[in-house]
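Asker: Before we start, here is the structure in question, set down as structure tokens.
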Amino acid sequence: MANFAPFSPIFIFQLLGTIFCATVYLKKQYGENDLYIESWGKTNCSLNGIDIASLGIGRPCEEWPDLATIFCDGKILEAVNYWGERTLFMRDSKHFVDRPLLKDAKKVVEEFKTIFEVTEWNKFMVSEMSEAQVDKLAKFVKQNFGMADEALIEHVPEDWVESPSNFKKIKDKKLGKWATELNKMWKEMSKKMPKDMDKNGNQRHSLIYLSNPFFVSGGRFREFRYWDSYWMARGLIASGMTKSVKHMCQNFAEMINRFGFVPAGGRIYYNKRSQPPFLTFLVYDYFAATGDTEFLKEIMPTLEKELNFWQTNRSIQTKVNGKTKTFYQYRADTKLPRSEAFRQDVELVKDIADPMEKAKIWHEIASASESGWDFSSRWIRKDESDKENPWKLKNLMTTKIVPVDLNALICGSFEKMAHLYLQIGNKDKSREYHAKYQVFLADFESLFYKKEHDIWYDFNLKSGALNEAYYGSSTVPLFTRCYDTFDFGTAQRMFDRMEQLDKDNKLISHPFGVPASMIDSSQQWDFPNIMPPSQHMLIEGLRRSKDKKMEDKALEFAQKWVSANFKLYQSKQNCGRKMWEKITANGGKPGKGGEYNVQMHFGWTIGILLDFLVTFGTKLKLDDADGVNCEQKQMEPEPVIFPNELSDFRSQRLTEAQKNVEEINKSQKYWKAGIYEPLAMLTKEEFKKLLGVPMEKKIGPKNLQLKSVDDHHITQRDAKDLPDEFDVRQKWPECAGIISTIAQQGICGSCWAVASASTLSDRICIARLKKGKKSDKNDPKSHVSAQFTLEFSERPPIYGGCKGSLPNLAWNLYRRQVVSGTNYEMYDGCRPYTVGGFPAKPNRLDVHTKDEKSWKTKRPTCKKECVKKWIKTQYANQAIPEESFYKEMQSMPRVTETVLWEKKNWENEMMREIMANGSITAIYELYKDFSYLMENDKSQIYMHSTDESEGGHAVKIIGWGQDKIGNEFVKYWLIVNSWGKEWGMDGMFKIRRGVDECKIESWQITFGTPVV
């Protein structure tokens, strides 16, 4: 590991420990002065202020009480998730709960209680841990937890052979060789339980014990996954590995006999939810491949037990044509954050006050996870008022949906149970299940089938109607045979509907396959991703339809998807030689979206490909196209040694940053990347908090009185009258001290407020200068308050304050009132910049309110947010006089004309405005490489070298110019940032001009005219 200069652990803790409870922040600032710290009480920030026990919700993992305290809920899980990414290099929540214990669970829990002096769990506040305690937490994890990736024992399946006989059906030589390579991957995915586990429950793992070898899905999924296993089994059968498939069936039977159902995966934290019930289909396919009637007799009662679970625990009654009928839905038995996604689940509901409302959302999340479609717009109530981001996970309504695919699975299971019972000679049971199938088939048709569209849809309990949108689930009834199989036109009519959808909005004509949906929601089970299970069920449904034309379509789709995966596998870049969890329909690259990165070496993709290669082997062929060009970042291997203290953490982060710097410098010539340590130390979530401009363009109220380009009746003019270089500081040197002020916004998405306040401060100074008045940079009244802007600007839904906003809302505020603040180096003026907590809904100030009493009722409280030095300087131990605040606000100039430009190629007019009146506010899209733009070389000009966007950022433009880089003259904007003087060119940077780099010339330009 590289050596870096020593840095104070206390400094690093202060740098990183910005996400504290307000009580900690206030105590640090004021001590125990009750004048400024009102009675807040202690809040457990690690769970957003709620105590799970107080919700009256049953706890998970009851069968493993000692392990539950570590892996399922409790302070250890909370502490590691709250502090883990900083001190433990934790990849994600799942990585921690997959790590094995090095001691018995009871000893680990007792050791935690001893180290942190825990006498009562509910009194231990994770978020108030000191830097010394965080160091102890790191040591505790290091001493008590092993390697997640090394917990299982490697295993070569007994029935694996290098050249399965079925592969002889594959005529294309390249595909035949590829099948052999894919077949080798079964050895990598086959595992056995650790030696220190047994069926009596003696274990130091979150794993659920299995008697037989099993297959992990791959990537972050270091355990069996229920419905993934079905498609892996299809591939295993293609590889002739029927004994491995039998072990799979036996393992699932163990789960059912133990829990009543098959958990979603082989971990104890999955014990409150299942996944789509494919075991009956799995046994059916195993029997079709082997004719093993003895095993069939043995497992049939277990298959019934699983179906009974769904009938008892996941059924729901609804009226169809006036008759009450029974159907099935996903409805997990938990209302707690998922252990494997603990941080995401807690973060999602942080703005919701009611604990029971949080629990409802967690229930919907777990239920969506049970569906296997985690997540998709299928389960989300669309927010019609939000045009940019209408598919929010907060609006999940999984339990209000009756899903067509689950009910088609139950329907198909009834039919297959009838067939399997007949094979073992139990005619009574066969007739019983055939009758169930016939009844349910009719019910199914009456609820889910849209005759006018000739396709099936989900049913929405809330609206009482079908959700008439295409999803891959719409084709599942064709796969499960939950339709009148004597109607040979069913598949053709369904396909006709898909062709019609394709004409309206591309669906089946994508070059690499059929996407999971036609909605781009940013979730993984939506466009543009092709999800292998949906692809397989569509193709198999068409193939078995007994319609020659549809059988040809099945071959066409199989050819398309197999070719896409082969080309990706052949890529010479990072995505090559691997099998991916999902690919994109429009690009043929590894999929995207969802709550985790796309996973590789994925079992269901391998299984389905092998199934297709054997099934269509005589007809599939490859063209000579090259591999897909892609740049896919590899998952970092689990570190052999985890950081012990914060100094170790620092060293790891800087080593990682150095690798990124080297990659950036190789990729472009315009600027030289370097490491700015305060940014390198931030976690990804913390860095995103710096970016205070939402990617949605329209988030604010519609009544903003800002003038546009059209309102000004101006057109883009040429640049003949414009100089090659210009700097506001040089034209108005008397204002240079104010213009050059460099803010440090802190871990807060306040850039929109800071940039706007700074721009207005410059323009006030320049406007005063034009009238012969000079401004003193040390006078608070020379600086517009960014804090005031942050607190009092109108807040759009879910945004505002440190959560981010747009500068146009700040300039809309400046039309009404302005207040002085600070130049970021002194604490003067009525609203110095002190990033802290802000009121959830700040009251709008009224400048016409003059009486003291009315003022107090309208203003948001400031006592908890201001800094000690300012209070002592201004008022000593007196109460804060509201009248002085009001008078200062009245004395500051307001803006009579506020302007918003959102137009491409407006470079020349931006330059003219800067020349005439001073700085302007701009926002741009910030890419990942921007955090490394810190080399203090004024000849460097930024251009993004990666397509990995982090969010939006607001800055102040103060001039322009051009530099020669190599043999090329490159134009640039001169910009003031808000990340402190140590970053970039003493807090500033240059970015390419005239090419709309990062949308800086087209996204949003704002400014105004102050009246002085």
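The values are calculated or read from the model by the stated rules, or taken from the named source; none is laboratory data. Note that the structure is predicted; figures quoted are calculated from it, not measured. All Cβ positions, even for glycine, are placed from backbone atoms using ideal geometry, and neighbour counts span all protein chains on display.
Asker: Just the residues that are on the phi > 0 side of the Ramachandran plot and buried (at least 16 other Cβ atoms within 10 Å of the Cβ), please, taken from region 987-1000. First the steps, then the outcome.
Answerer: Within region 987-1000, the subset on the phi > 0 side of the Ramachandran plot is 987, 994, 996, 998-999.
Selection gives GLY987, GLY994, ASP996, CYS998.
Asker: Let me ask something else. Before we move on, is LEU88 modelled with pLDDT under 65 and within 21 Å of LYS272 (Cβ to Cβ)? Steps first, please.
Answerer: Values: modelled with pLDDT under 65: yes; within 21 Å of LYS272 (Cβ to Cβ): no.
So LEU88 fails the test.
Asker: Suppose the filter is over 26 Å from the mean Cα position of the chain (by Cα) and part of a loop (DSSP other than H, G, I, E, B); does VAL161 pass it? Steps first, answer last, please.
Answerer: Details: over 26 Å from the mean Cα position of the chain (by Cα): yes; part of a loop (DSSP other than H, G, I, E, B): yes.
Here the answer is yes, as VAL161 does meet what is asked.
Asker: Going by what's in this entry, would SER931 be described as in a helix (DSSP H, G or I), modelled with pLDDT under 90, touching a helix residue (DSSP H, G or I) at 6+ places or on another chain (Cβ under 9 Å) and closer than 30 Å to GLY593 by Cα? I'd like the intermediate steps shown before the answer.
Answerer: On the way: in a helix (DSSP H, G or I): yes; modelled with pLDDT under 90: yes; touching a helix residue (DSSP H, G or I) at 6+ places or on another chain (Cβ under 9 Å): yes; closer than 30 Å to GLY593 by Cα: yes.
So SER931 passes the test.
Asker: Among the residues of region 957-1001, write down those that are among the polar types (S, T, N, Q) and either closer than 20 Å to TYR670 by Cβ or part of a strand (DSSP E or B) (or both).
Answerer: To start, the set of residues in region 957-1001 that are among the polar types (S, T, N, Q) comprises 962, 967, 977-978.
Scanning region 957-1001 gives GLN962, ASN967, ASN977.
Asker: Shifting gears a bit: Any chance region 196-212 includes a residue that's out of contact with any Phe, Trp or Tyr (no Cβ under 6 Å at 6 or more places or on another chain), under 30 Å from VAL562 (Cβ atoms) and in the same structural domain as LYS246 (by TED's automatic domain parsing)?
Answerer: Just the residues of region 196-212 that are out of contact with any Phe, Trp or Tyr (no Cβ under 6 Å at 6 or more places or on another chain), to begin with: 196, 198, 200-205, 207-212.
Filter once more, so that each one left must be under 30 Å from VAL562 (Cβ atoms): none.
No; the residues of region 196-212 include none that is out of contact with any Phe, Trp or Tyr (no Cβ under 6 Å at 6 or more places or on another chain), under 30 Å from VAL562 (Cβ atoms) and in the same structural domain as LYS246 (by TED's automatic domain parsing).
Asker: Which of the residues belonging to region 750-774 are surrounded by 21 or more Cβ atoms within 10 Å (Cβ to Cβ) and either outside any helix (DSSP H, G or I) or in contact with an Asp or Glu (Cβ under 6 Å, 6 or more places away or on another chain) (or both)?
Answerer: SER750, the sole residue that qualifies.
Asker: Name the residue that is modelled with the lowest pLDDT, counting only residues in region 104-141 that are buried (at least 18 other Cβ atoms within 10 Å of the Cβ) and closer than 30 Å to PHE214 by Cβ.
Answerer: Residue satisfying both the conditions and the ranking: VAL141.
Per-residue answers, yes or no, for (1) within 25 Å of PHE616 (Cβ to Cβ); (2) over 32 Å from the mean Cα position of the chain (by Cα); (3) outside the structural domain of TRP83 (by TED's automatic domain parsing):
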{"residue": "VAL126", "(1), (2), (3)": "no, no, no"}
{"residue": "GLU131", "(1), (2), (3)": "no, no, no"}
{"residue": "MET185", "(1), (2), (3)": "yes, no, yes"}
{"residue": "GLU188", "(1), (2), (3)": "no, no, yes"}
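Asker: I need the full set of residues from region 187-207 which are surrounded by fewer than 18 Cβ atoms within 10 Å (Cβ to Cβ) and polar (S, T, N, Q), in order please.
Answerer: Of everything in region 187-207, those that are surrounded by fewer than 18 Cβ atoms within 10 Å (Cβ to Cβ) and polar (S, T, N, Q) turn out to be ASN200, ASN202.
Asker: A further question follows. In region 273-324, what count of residues is obtained for those that are under 41 Å from the mean Cα position of the chain (by Cα) and charged (D, E, K, R)?
Answerer: 7
Asker: Further, regarding this structure: Give the residue, chosen from LEU422, LEU406, LEU393, that is aliphatic (A, V, I, L, M), surrounded by fewer than 24 Cβ atoms within 10 Å (Cβ to Cβ) and closer than 24 Å to PHE309 by Cα. Reasoning before the result, please.
Answerer: Details: LEU406 fails: surrounded by fewer than 24 Cβ atoms within 10 Å (Cβ to Cβ); LEU393 fails: closer than 24 Å to PHE309 by Cα.
It is LEU422.
Asker: Checking the structure you have, find out if any residue of region 364-373 is more than 25 Å from HIS95 (Cβ to Cβ) and in contact (Cβ under 8 Å) with a residue 40 or more places away in the chain. Before you say what the answer is, go through the steps one by one.
Answerer: Residues of region 364-373 more than 25 Å from HIS95 (Cβ to Cβ): none.
No.
Asker: Considering only region 170-179, state which residues are under 21 Å from GLY219 (Cα atoms) and surrounded by fewer than 21 Cβ atoms within 10 Å (Cβ to Cβ).
Answerer: Passing the criteria: none in range.
Asker: For residues in region 186-233 being basic (Lys, Arg), out of contact with any Gly (no Cβ under 8 Å at 6 or more places or on another chain) and in contact (Cβ under 8 Å) with a residue 40 or more places away in the chain, which is farthest from PHE612 (Cα to Cα)?
Answerer: Within region 186-233, the first condition is being basic (Lys, Arg), and the residues that meet it are 187, 191-192, 195, 199, 204, 220, 222, 225.
Filter once more, keeping what is out of contact with any Gly (no Cβ under 8 Å at 6 or more places or on another chain): 187, 191-192, 195, 199, 204, 220, 222.
Within this subset, residues satisfying the condition of being in contact (Cβ under 8 Å) with a residue 40 or more places away in the chain are 192, 195, 204, 220, 222.
Details: LYS192: 28, LYS195: 37, ARG204: 40, ARG220: 26, ARG222: 26 Å.
This residue is ARG204.
Asker: Considering GLY984, GLY951, GLY918, which residue is of a type in the set (Gly, Ala, Ser) and surrounded by fewer than 20 Cβ atoms within 10 Å (Cβ to Cβ)?
Answerer: On the way: GLY984 fails: surrounded by fewer than 20 Cβ atoms within 10 Å (Cβ to Cβ); GLY918 fails: surrounded by fewer than 20 Cβ atoms within 10 Å (Cβ to Cβ).
None of the others qualify; the one that does is GLY951.
Asker: Kindly provide the set of residues from region 954-969 that are crowded, with 17+ Cβ neighbours inside 10 Å and either more than 21 Å from GLN730 (Cβ to Cβ) or of a type in the set (D, E, K, R) (or both), ordered by number.
Answerer: Start the filter on region 954-969 by keeping residues that are crowded, with 17+ Cβ neighbours inside 10 Å, which leaves 954-961.
Of everything in region 954-969, those that are crowded, with 17+ Cβ neighbours inside 10 Å and either more than 21 Å from GLN730 (Cβ to Cβ) or of a type in the set (D, E, K, R) (or both) turn out to be ALA954, LYS956.
Asker: In region 198-226, which residue that is in contact with a His (Cβ under 8 Å, 6 or more places away or on another chain) and modelled with pLDDT under 90 is nearest to ILE606 (Cα to Cα)? Don't jump to the end; show me each part of the working.
Answerer: We begin by selecting, within region 198-226, every residue in contact with a His (Cβ under 8 Å, 6 or more places away or on another chain); these are 212-214, 218-220.
Right, trim to modelled with pLDDT under 90 and you get 218-220.
On the way: GLY218: 11, GLY219: 13, ARG220: 16 Å.
In this case the residue turns out to be GLY218.
Asker: So which of LYS572, LYS560, LYS619, LYS567 is assigned to a loop (DSSP other than H, G, I, E, B) and modelled with pLDDT of 75 or more?
Answerer: LYS619
Asker: Within region 208-223, does at least one residue satisfy the condition of being surrounded by fewer than 23 Cβ atoms within 10 Å (Cβ to Cβ) and part of a strand (DSSP E or B)?
Answerer: Scanning region 208-223 turns up at least one residue that is surrounded by fewer than 23 Cβ atoms within 10 Å (Cβ to Cβ) and part of a strand (DSSP E or B).
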